[in-house]
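For reference, the structure is listed below as structure tokens.
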Amino acid sequence: MAKPAGPTSHDVVDIVRRALGEQRVGHLGTLDPFAEGLLIVVVGRATRLAAFAAGWTKAYEGVIRLGVTTDTDDATGAVLKTEAMDVTAQQLGAALTQFRGGYEQRPPAYSAVKIAGERAYRRARRGEVVAPAARRVEIDELEVVAYAAPDVRFRATVGGGTYLRSLARDVGAALGCGAHLVALRRTSVGPLRLEEAVAPETVTSAVLRDPSVLVAHLRRRDVDPAERDAVVHGRPIKRDPVPAESFRAESFGDTRDPVALFAGAELLAVADVDGDALKPRVVVAEP
């Protein structure tokens, strides 16, 4: 879905649920209400495959405003401090280098991270001092597109669990002037691109992608008719009952990684390797 700024990710899920008359609808990776861009929505049995796309990288375009910090680390929050800033393009470029490749990032106080079993944002809304534990995040790309003080237009490609609001805050801290995120647009998630997305209010069953896109990065194994019957009923099949060429030549990953099971173009299931067997973990095809 091409999410506009304003609605929550859950709002988009509700729109799709009503439009398709399907209760089993979810999304892969929240976009904050003020953010826009690509929100991957999964429907029906495809919701069972969400975990296999959890590690996909995400690409963004956004704007960081230097000199102002907020309690939410974005433009929706209350201003905590305003500082004079005199940052050159060279200083900005040097500051960004410490974040490329990854760093220990503390999620925003207003985030869905759990602290003692409760969402951080709920504690923050009660006025509690919230400091979620830092965690390692990976940043593959972080580049300045344009700089016209105090605004830094940037693009970034990041791993799962990265908060761009936190990145904006931390860039400001590195420069000694504070900062917050004022605009954010997600342009891709894994192999999926924003230009291929549709607006939530225009969704129909005809525009839904085949769920196999969610497991395209996994090794593939084609099954015969007898094996198909076993797989769709959740029964294991032999690991290598057919020649090795039935596994895609371009497959990659550890041999213990899950395997996508297909009957022709139809995705049947994702199976775990268990000795000489492939045991269906998630079945998506109808018997």
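Looking at the chain from every direction and averaging, what is the projected area of its Cα convex hull in nm²?
17.4
Through the Karplus equation 6.51 cos²θ - 1.76 cosθ + 1.60, θ set to phi - 60°, convert the phi angles of the stretch 28-43 into ³J(HN,Hα) values in whole Hz; use x for Gly and Pro.
In residue order, the calculated couplings are 10, x, 5, 10, 4, x, 6, 8, 10, x, 6, 10, 7, 10, 10, 10 Hz.
Which lysines have a Cα lying under 20 Å from the Cα of Lys279, excluding residues fewer than 8 positions away in the same chain?
Lys238
Can you send over the carbon and sulfur percentage of the accessible area for the chain, probe radius 1.4 Å, protein chains only?
Carbon with sulfur: 51 percent of the solvent-accessible area.
At q = 0.14, 0.20, 0.21, 0.25 Å⁻¹, what is the log10 ratio I(q)/I(0) for the stretch 108-181, with the Debye formula run over Cα points and no solvent?
With one equal scatterer per Cα and no solvent, log10 I(q)/I(0) is -0.54, -0.95, -1.01, -1.19.
Can you list residues from other chains, or at least 5 along the same chain, whose modelled amide H is less than 5 Å from the amide H of Ala277?
Under 5 Å from the amide H of Ala277 lie the amide H atoms of Arg239, each far enough along the sequence or on another chain.
Measure out, as a whole number of angstrom, how far apart the alpha-carbon centroids of the stretch 209-236 and the stretch 147-197 sit.
The two parts, judged by their Cα centres, are 37 Å apart.
Taking every Cα atom in the stretch 1-88, find the radius of gyration and the maximum pairwise distance Dmax, and write them in Å.
Expressed in Å, the Cα Rg and Dmax of the stretch 1-88 come to 17.0, 54.
Summing -39500 (n - 2.57) over the DSSP H runs of n ≥ 4 in the chain and dividing by its residue number, what mean residue ellipticity at 222 nm do you reach, to the nearest 500 deg cm²/dmol?
One gets -4500 deg cm²/dmol as the mean residue ellipticity at 222 nm.
Which FRET efficiency value, to the nearest 0.05, is calculated for Arg100 and Val129 with the Förster distance at 30 angstrom and r the Cβ-Cβ distance? Display every interim value, and only then the final one.
Working: r = 31 Å, r/R0 = 1.02.
Efficiency for this residue pair is about 0.45.
Which ³J(HN,Hα) values in Hz, rounded to whole numbers, follow from the phi angles of the stretch 97-114 under the Karplus curve 6.51 cos²θ - 1.76 cosθ + 1.60, where θ = phi - 60° and Gly and Pro get x?
4, 6, 9, 5, x, x, 6, 7, 10, 8, x, x, 4, 8, 8, 8, 4, 8
Using a probe radius of 1.4 Å on heavy atoms only, what accessible surface per residue do you get for the stretch 27-97? Whole Å² is fine.
Per-residue value: 44 Å².
Can you tell me the dipole magnitude for the stretch 70-209 around its Cα centre, using point charges on the Cβ only (Lys, Arg +1; Asp, Glu -1), in Debye to the nearest 20?
Values: 19 positive and 17 negative charges, 110 e Å.
Dipole size: approximately 520 debye.
Which cross-chain or sequence-distant (5 or more) residues have an amide H under 5 Å from the amide H of Thr57, H modelled 1.01 Å from N in plane?
Gly190
Let me know the charge dipole size of the chain about its Cα centre in debye, to the nearest 20, where only the beta-carbon of Lys, Arg (+1) and Asp, Glu (-1) is charged.
Dipole magnitude for the chain comes out near 720 debye.
Using alpha-carbon positions, what is the distance between the centroids of the stretch 98-135 and the stretch 23-80, in Å?
15
Put Tyr163, Tyr60 in order of accessible area, largest first, 1.4 Å probe: what do you get? Present the calculation step by step, with values, prior to reporting the outcome.
Details: Tyr163 50, Tyr60 15 Å².
Ranked list, largest accessible area first: Tyr163, Tyr60.
Give me the accessible area per residue for the stretch 126-172, probe 1.4 Å, as a whole number in Å².
On a per-residue basis, the stretch 126-172 sits at 47 Å².
Among the lysines, which fall within straight-line cross-link reach of Lys58, defined as a Cα-Cα distance under 24 Å, with same-chain neighbours fewer than 8 residues apart omitted?
Candidates past the 8-residue exclusion: Lys3, Lys114.
Between Asp222 and residues 5 or more places away or on another chain, which pairs have amide H atoms under 5 Å apart, with H built 1.01 Å from N, and which residues are they?
Long-range HN contacts for Asp222: Phe262.
What list of ³J(HN,Hα) couplings, whole Hz, do you get for the stretch 148-156 from phi and the Karplus terms 6.51, -1.76, 1.60, once you set θ to phi - 60° and write x for glycine and proline?
Result, rounded to whole Hz: 9, 3, x, 9, 10, 8, 9, 10, 8.
Quick one: compute a quarter of the convex hull surface over the Cα atoms of the stretch 72-137 and quote it in nm².
5.9
Roughly how many debye, to the nearest 20, is the charge dipole of the stretch 135-236 about its Cα centre, given +1 on each Lys and Arg Cβ, -1 on each Asp and Glu Cβ, and no other charges?
Magnitude of the dipole: close to 300 debye.
The values are calculated or read from the model by the stated rules, or taken from the named source; none is laboratory data. No experiment lies behind these values; they were computed from the predicted model shown. A quick note on method: Cβ atoms are made from the backbone with ideal geometry, for glycine too, and the neighbour counts reach across all protein chains shown. The accessibility values were calculated without ligands, DNA or RNA, using every heavy atom of the protein model including side chains. Shrake-Rupley method; radii C 1.70, N 1.55, O 1.52, S 1.80 Å.
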